[in-house]
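*Asks:* Following this message is one structure expressed as structure tokens.
Derivation of every value follows stated rules applied to the coordinates shown; laboratory data play no part. Here the structure is a predicted model, which is why all the values come from computation and not from measurement. Cβ placement follows ideal geometry from the backbone for every residue including glycine, while neighbour counts extend to all protein chains displayed.
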Amino acid sequence: MRRIGIDVGGTNTDAVLIAGNAVVRSVKAATTADVTGGILTALQALSRFPEVTAQPVDAVMIGTTHFINAVVQGRHLNRVGALRIGLPSGATLPPFCDWPPALADLVRGEVAMVEGGHDYDGRPFMPLDRAAIAAAARRFADAGLKAVAIAAVFAPIDPSCETEAAAIVRDAIPDAAVTCSHELGRIGLLERENAALMNAALAELARETVAAFEAAIAESGLQAPLYITQNDGTVMLAAHAMRQPVLSFASGATNSMRGAAFLSGIADAMVIDVGGTTTDIGQLRHGFPREANGVVEVGGVRTLFRMPDLLSIGLGGGSHVEAGGDAVGPLSVGHRLTSEALIFGGSRLTTSDVAVAAGLLDLGDRTRVAAIDPAVVARTLARAHAMVEENVDRMKTDAAPLPLIAVGGGAFLVPETVAGISRVVRVPHGDCANAVGAAIAQVSGEIDQVFQGMGRADAVAAATTLAQERAVAAGADAATLQTIEVEDIPLAYLPGNALRVRVRVVGDIAAAGAA
Amino acid sequence: MTVTARPIPLDDIESLAIGAWILGTGGGGSPYLGLLNMRRIYADGGQVLLMDPFDLADDDDVAVVSNMGAPLVGQERLTDSRTIARAVEIMERYQGRRFRAVMSLEIGGGNAIQPLMAAAHLGIPVVDADCMGRAFPEAQMTSFAIGDLQPWPLSLADCRGEEAIVARVTTWKWMERVSRKICVEVGSVASTCKAPRTGAEVKRWGIHHTTTKAIGIGRAVREAQRRHADPIAAILEHEGGLRIFAGKVSDVARRTTEGFLRGTATIEGLDGDRGARMEIAFQNEWAVAWRDGVPVVTTPDLICVLNAVTGEAIGTETLRYGQRVAVVALPAPPVLMTPKGLEHVGPRAFGYDIEFRSVFAEPVQGQA
């Protein structure tokens, strides 16, 4: 299988072609303001290699920070009609109640709350008020709203209120982009509703962006289906991703860690990605990043997105070196490395200058750093090594030693031996690990539900079956599915040994025509 | 009657939410939704007054309120600030008289905010007191029960309009059983007004000035966060607490028995505690902490497991593998440490055959 992976970062757009289990070619292009231009340039650069064009490409996978930037910067968002199903509960905490006011003012179109929803055990909470939903839909239509977010109490247990309401809304607004909360999240109405509102606010941008991605690919001459990578290191078909842009928020960091796993062939390890300004540290379990616990804030809004648990520190190849090597970072020359660092004729001592002086790196003009005091070199590297060691330990959850995979352009700052680490692994193409991660993404399915009146083993088995059904529906090859996470939490005060079970499975993308 | 009651500024309620979650000792439910309700009430021009318990007349009637149920259900059936006020009104109708003020059952967790919501809607002040000084899982684990005060009646309301009165029970434990059954039947979340108290009872058996205490803890955490100082050191200094352990969660075993979340968390030591291991058993709240097999802190001393960086509390339901935590102990209210108090809330009340000895009674063994 031949796949192109593209990572659209803040500075560079990287593209790689992977055939089977090998990286064939990798290229870098400057990221452009419209995102699409950089992708087209990268694809055209890749297409100049005969081994790239010799055979058809099966799939293109893009990872982008475009959608999260839109929310964080409050740009390109459309207004949303918010429909909450669950009165009389929560009447004093309506949709948008915990949003930053400026962002809420941009997104809030109309708000409606109606009776309905379920209890934790699946019993109806209140009868669904269909007349009130129809009235709300007419109000949304009259206001000219084209995007609607629907959230019902305990929809992850029983989504029927949300799906029925979505049908009523589509009757009133035939071309509406409708987001139902149960498609995005877990238990926690407010956070799940926030995700749905944010998703609906990105409806127009997502449609335009995915259309532009497809245009760029068509223009490059490729004829391959387009996938968008998600926060959890898996992909969705572009047509599906277009409807759920929030699920691709954190894909850049995830792709980098997944790429590190692929390039090294190691599934359980610590990963350190040293860039120019910052270093991200995370942990791979079964080839996937460990996820952050609980609530994640995006643009000041609480959500429950599946995001990798990352520690970012101010250390990179462009970090300022001060105090004779005793202080490194967090300030950095960033993308001005090639004009401000000593090795490029500048006047700022950076970690890259020290690495060149130490013979760890071949970059720029090494005669410009010949006069640096060897004691300063030693202290700088000792400081950088201490920062790496301390922060890798912070992120490590096992006492047993693990390998550490070092990727990114500043990986020379990672020492050969680190406490608690069995070995430091460096890989070819490590500077394009993020695009590699996009190219190898898989398809996942997840379930998070309360089970009652059955043993733990039966509950986990039932949850696994449901997760597998979701993965196949999302485009996975059923024969390749494996369970990568099982978590169960007994629920206090609920009778019948209630158990909340979360299961996640992943599989390879089903071959074209099979899905 | 003239009574000095001071308005609680909204900023103090923000601090209360953080402090109460720490005093929740792992349980009590997050105060976040209660805080959101209070922000709305204040945005609409509402305000709540806080009164000193010693300003109550002996014959004043005081409502003792709490939200009851499973925290998970509360995350979906979001608290409506008016439901807790309805529970108080049901009790007023049942008893045929009005309350002078309202107070919290437990200052630990979300129930620290419930009386503020009730007070805002009812137009009466909140008494600066509770009857746990922390959070506990059961109805008989209060200073009022330790004082053998009358356990009945109780009123209960759910947001749909279901209402119930528990008219009479023989013991506090029976109140726990009967009211828990009703709560589960209406969907495992309900607002309750417990057995009403007189001003004299609150002054004799209440745990006083705990709202102010929780606000103070929260304020210390927020100020430390703003100054980029160590918020855990700020909590310890504010409360005269002890740093017990620092480490990473290496295992959490949970099980549900008799409707409660029970289990044990294991924490592997870091920094000065490297090489040591702490195990903490819980029944909704943290109950007993062992360092390398030796019990070092037991209920009713407060065991708080905090985020090592932010100083904010982590609940027994949300504690997860890999989290970096600080374990601290805070002093318990004296009434809980009397022989009668220990019968209700000591280690044996939670099934541990351990003699209670406060970690604050003498210097901690093995600590510099």
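*Asks:* Give me the angle, in degrees from 0 to 90, between the Cα long axis of helix B:10-23 and the longest principal axis of the Cα atoms of chain B, rounded to the nearest 10.
*Replies:* 50
*Asks:* For A:V295 and A:D142, FRET efficiency with R0 = 25 Å and r from the beta-carbon atoms, rounded to 0.05? All intermediate terms of the calculation are to be shown ahead of the outcome.
*Replies:* Working: r = 35 Å, r/R0 = 1.41.
Efficiency, from the Cβ-Cβ distance: 0.10.
*Asks:* Shifting gears a bit: Taking springs between alpha-carbon atoms closer than 10 angstrom, which of B:A43, B:A329, B:A281 fluctuates most in the Gaussian network model of chain B?
*Replies:* Maximum among the listed residues: B:A43.
*Asks:* Determine, from the Cβ-Cβ distance of A:V486 and B:Q95 and an R0 of 45 Å, the FRET efficiency 1/(1 + (r/R0)^6), rounded to the nearest 0.05. All intermediate terms of the calculation are to be shown ahead of the outcome.
*Replies:* Numbers: r = 51 Å, r/R0 = 1.13.
So the FRET efficiency works out to roughly 0.30.
*Asks:* How do B:T171, A:T380, A:T464 line up, fewest other C-beta atoms within 10 Å first? Kindly include the intermediate steps, with their values, before the conclusion.
*Replies:* Working: B:T171 14, A:T380 29, A:T464 19.
Fewest-to-most ranking of B:T171, A:T380, A:T464: B:T171, A:T464, A:T380.
*Asks:* Calculate the spin-label point distance for B:E223 paired with A:M1, positioning each point 7 Å from the Cα along the beta-carbon direction, and give it in nanometres.
*Replies:* Result: 5.8 nm between the two label points.
*Asks:* At a Förster distance of 35 Å, what's the computed FRET efficiency of A:L311 paired with A:T32, Cβ-Cβ distance as r, to 0.05?
*Replies:* Working: r = 31 Å, r/R0 = 0.87.
With a Förster radius of 35 Å, E is 0.70.
*Asks:* Once you compute Rg and the Kirkwood Rh from C-alpha atoms, what is the Rg to Rh ratio for the stretch B:232-350? Walk me through the numbers on the way to the answer.
*Replies:* On the way: Rg = 13.9 Å, Rh = 14.5 Å.
Taking Rg over the Kirkwood Rh, I get 0.96.
*Asks:* Counting DSSP beta bridges in chain A, what percent are antiparallel, to the nearest 5?
*Replies:* Details: 56 of 91 bridges.
If we restrict to bridges inside chain A, about 60 percent are antiparallel.
*Asks:* What lysines does A:K146 reach when the alpha-carbon gap must be under 27 Å and sequence neighbours fewer than 8 apart in one chain are set aside?
*Replies:* Straight-line reach from A:K146, under 27 Å: no lysines qualify.
*Asks:* What lysines could a cross-link reach from B:K181, if we take a straight Cα to Cα line under 23 Å and drop same-chain neighbours fewer than 8 places away?
*Replies:* B:K173, B:K194
*Asks:* Which percentage, to the nearest 5, of the DSSP beta bridges contained in the protein assembly as shown is antiparallel?
*Replies:* Values: 115 of 157 bridges.
In the protein assembly as shown, approximately 75 percent of DSSP beta bridges are antiparallel ones.
*Asks:* Relative to the longest principal axis of chain A, what angle (0 to 90°, nearest 10) does the C-alpha long axis of helix A:251-264 take?
*Replies:* Computed tilt is about 60 degrees.
*Asks:* Still on this structure, please answer the following. Distance in nm between label sites at A:D365 and A:T465, each 7 Å beyond Cα in the beta-carbon direction?
*Replies:* 7.2
*Asks:* Same structure again: Over the stretch B:212-368, what is the relative contact order in whole percent, taking alpha-carbon pairs under 8 Å and six or more residues apart? Walk me through the numbers before you get to the answer.
*Replies:* Details: 299 pairs, mean separation 32.4, N = 157.
It rounds to 21 percent for the stretch B:212-368.
*Asks:* If you count the DSSP beta bridges with both ends in the stretch B:5-210, what percent of them are antiparallel, to the nearest 5?
*Replies:* On the way: 19 of 26 bridges.
Of all bridge pairs located within the stretch B:5-210, approximately 75 percent are antiparallel.
*Asks:* If I model a spin label at B:R274 and A:D171 as a point 7 Å from the Cα along the Cα→Cβ vector, what separation in nanometres do I get?
*Replies:* Each label point lies 7 Å from its Cα, and together they span 6.7 nm.
*Asks:* Return the long-range amide H neighbours of B:A287 (sequence gap of 5 or more, or a different chain), with a cut-off of under 5 Å between placed amide H atoms.
*Replies:* So B:A287 has HN proximity to B:A281, B:F282.
*Asks:* Can I ask one more? How do A:Y227, B:Y94 rank when sorted from fewest to most other Cβ atoms within 10 Å of their own Cβ?
*Replies:* Values: A:Y227 27, B:Y94 16.
Ordered from fewest to most neighbouring Cβ atoms within 10 Å, A:Y227, B:Y94 come out as B:Y94, A:Y227.
*Asks:* Calculate log10 I(q)/I(0) of chain B for q = 0.09 Å⁻¹, where I(q) comes from the Debye formula with a single equal point scatterer on each Cα and nothing for solvent.
*Replies:* -0.46
*Asks:* Note the angle between two axes, namely the Cα long axis of helix B:32-43 and the longest principal axis of the Cα atoms of chain B, as a number of degrees from 0 to 90, rounded to the nearest 10.
*Replies:* 50
*Asks:* Can you give the helix-only mean residue ellipticity at 222 nm for chain A, where every DSSP H stretch with n ≥ 4 adds -39500 (n - 2.57) and the sum goes over all residues, rounded to the nearest 500 deg cm²/dmol?
*Replies:* On the way: 15 runs with 163 residues, N = 515.
Calculated from helices alone, the mean residue ellipticity at 222 nm is -9500 deg cm²/dmol.
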